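Below is one structure; the comments refer to it alone.
The values are calculated or read from the model by the stated rules, or taken from the named source; none is laboratory data. Computed from a predicted structure; not experimentally measured. Glycine also receives a Cβ, built like all others from the backbone with ideal geometry; neighbour counts cover every protein chain displayed.
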Amino acid sequence: MAQQVLALDDLTVRFRLRRGELTAVDGVSFTVHRGETFGLVGESGSGKSVTARAIMRLIPDPPGEIPRGRIVFEGRDVMGLSDAEMRALRGRRIAMVFQEPMSALNPVFTVCAQISDALRTNLGLSKKEARQRVIELLALVGIPSPQKRLDSYVHEFSGGMRQRVMLAMALSCDPVFLIADEPTTALDVTIQATILDLITSMIDRFGMSLIFITHNLGVVAHSCDRIGVMYASHIVELGTKHDIFRNPQHPYTAGLLNSIPRLDTQSKYLTPIPGTVCNMMEPPTGCKFHPRCAHTMDVCKREIPVLREIAPGHHAACHLLGRV
Amino acid sequence: MTATDALLEVKGLTKHFALHADIYSRVAGEKVQYLKAVDGIDFHIRRGETLGLVGESGCGKSTTARLVTRLIDPTSGEVRLRGEDLLAFSPARMKEARKEVQLVFQDPYSSLNPRKTVMHILSRPMEVHGLARTWTEKRGRVLELLRRVGLGVEHIDRYPHEFSGGQRQRIAIARALSVDPVLVIGDEPVSALDVSIQAQILNLFRDLQEALGLTYLFIAHDLSVVRHISDRVAVMYIGKIVETGPAALLFAEPLHPYTQALLAAVPEADPDKPPPKLILKGEVSTPIDPPPGCRLCGRCPRQTTICSEISPPLIDVGGGRQVACHNL
């Protein structure tokens, strides 16, 4: 087994809002190894992005707080780091790519200015050196004639090219760990294919680890080694991509896979998951999925199921699996 | 295809938007540029059929929807509803026709008025078209509509913010149905929804079609959604239709290089399927004053000299399929 780079243990993130308390991430544990791509899948509001931000310690406090849990990155507890130590980690060791490059990049600075900012602060490069490095980075992510595009502003790039700029910025300080939060969601399918290809090749080339956050099951099926499925703040299933796609054990995972229309066959009706995602301000008792589940038992309404190992490396949190 | 068995027929439909240059270049007498959003498209939809219109952002899908509903007027071309030219209608006749063609939009958070109750949202179109007069009559019809889209009497006096995304889209669909349309145009009606909810709404579209004999023009960028819902599919690329045909055939054996590239780029939710790959070079080019030839010029692996000179017409290739490519 390759070396473990990141370990989350019982991570819980809570927000204190005027209307009450909202637990966005509840007891999430998983590990990511060196060179591995870990996919975090779930529908909107399931807690995927909050998990990612917690790893980067980007949860604003207040209103956010992390009452429980540990985040261990390269053997160090991230929560115990000082702000200065954290700044040395962000960008340098862990970098992040966001969904919407237009709002993540600064519209009033040129691409060169934004990327060299990170280079000069983190690596202490001179203005000239930084400029040279930016050209290399832009070429690396496949921006044609980078010498000419260097002094352009973000709005002068297309969506796909902006996402390349984001990736160049994330890669600028040679991180060992990349978190990509829905990096292709805003893109057209042909552009998505090139960006996915680019991310995968960068990961391979630099031996980085990646957490890939998405709601698109097609994307994780091809770009991830292991997958965690999130529903309403919990990880409900965790396993290799073959465990998840070929042998889903949690009714939510199975339901999700059944509800997507397929390209190769046509059926008259799809099999949706009934009901709607629970209101996170007033979550149901017990298993959060029980109001939508076809196999609900009494115990599901009382107790939150814990994630248990059902086969080597394949975990699921469902009361059905305890009973044989 | 004769006009009689098509519910909707579109011929040579074109919409060019003039891009107004800044005052200096206008004084200098520079030519006005045109964004050719829709550039001479032909298609028809038979009664009871679903035509899927698919393409990437900026290809003119939504402009087509707006032209067909006459929310905007075309630069040239014809839109025929049951053989009658929509563009020649008097305002009074157009109002009648608006009842027959209804739209469902992508984002149910911005398409419903947050200050009105469901009762108001669903009964207002009936009032406008004089379909229901008394309060009891309206309420009866609204309840019937809610039942049809899977909502209940308890929802009638609520406001849009009290509903989830999927439920709001149900309300938007009910509103489209409130005036008994024959043709419903969905402009990315499931794109904003989570997959588990998306499946519910797609099933609802299917149920309503069966129950009410509706005809759909279903616009989406998600190929698997279009494959699922459509009888026939039209693929658009920068203002032109490049390929049309029965959904099963078109997806099993795409003929146009763009359709092939589009399908190859879709990541399927199956780790054993081939990974997505990109066949075309570069990115979608601009619809602003495009060059005369095929729009795929410069990206296409099959390109020959004729491609940059003459725009290929849509040609019948048998099996109800049409393709616009010089090098089939």
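Listing for the model above:
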| quantity | calculated |
| --- | --- |
| Residues of the stretch B:160-204 satisfying the condition of being over 17 Å from B:ASP107 (Cβ atoms) and in a loop (DSSP other than H, G, I, E, B) | B:SER178, B:VAL179, B:ASP180, B:PRO181, B:VAL182 |
| Some residue of the stretch B:191-203 being in contact (Cβ under 8 Å) with a residue 60 or more places away in the chain and either within 13 Å of chain A (Cβ to nearest Cβ) or within 22 Å of B:VAL226 (Cβ to Cβ) (or both) | yes |
| Yes/no for B:THR69 being modelled with pLDDT of 95 or more and away from chain A (no Cβ under 14 Å) | no |
| Lone qualifier among A:ALA113, A:ALA180, A:ALA170 - being surrounded by 15 or more Cβ atoms within 10 Å (Cβ to Cβ), touching a residue at least 60 places away in the same chain (Cβ under 8 Å) and in a helix (DSSP H, G or I) | A:ALA170 |
| Test: residue in the stretch A:85-108 that is surrounded by fewer than 19 Cβ atoms within 10 Å (Cβ to Cβ) and over 26 Å from the mean Cα position of the chain (by Cα) | yes |
| Residue within the stretch A:141-163 that is within 16 Å of the chain's Cα centre (by Cα) and away from chain B (no Cβ under 14 Å) present | no |
| Matching residues, the stretch B:224-242, being surrounded by 22 or more Cβ atoms within 10 Å (Cβ to Cβ) and either over 15 Å from the mean Cα position of the chain (by Cα) or in a helix (DSSP H, G or I) (or both) | B:VAL225, B:VAL226, B:ARG227, B:HIS228, B:ILE229, B:VAL242 |
| Output for the stretch A:166-196, where each listed residue is among the aliphatic types (A, V, I, L, M) and within 14 Å of another protein chain (Cβ to nearest Cβ) | A:ALA186, A:LEU187, A:VAL189, A:ILE191, A:ALA193, A:ILE195, A:LEU196 |
| Subset tally (residues that are within 14 Å of chain A (Cβ to nearest Cβ) and closer than 24 Å to B:GLY12 by Cβ) for the stretch B:296-328 | 1 |
| Candidate set from the stretch A:42-78 (those that are surrounded by 17 or more Cβ atoms within 10 Å (Cβ to Cβ) and either more than 24 Å from A:GLY91 (Cα to Cα) or aromatic (Phe, Trp, Tyr) (or both)); member that is farthest from the other protein chains (Cβ to nearest Cβ) | A:PHE73 |
| Helices (runs of 4 or more DSSP H) contained in the stretch A:228-324 and holding at least 2 residues away from chain B (no Cβ under 14 Å) and farther than 30 Å from B:HIS161 by Cα | A:298-302 |
| Test for A:THR185: is it modelled with pLDDT of 90 or more and within 19 Å of the chain's Cα centre (by Cα) | no |
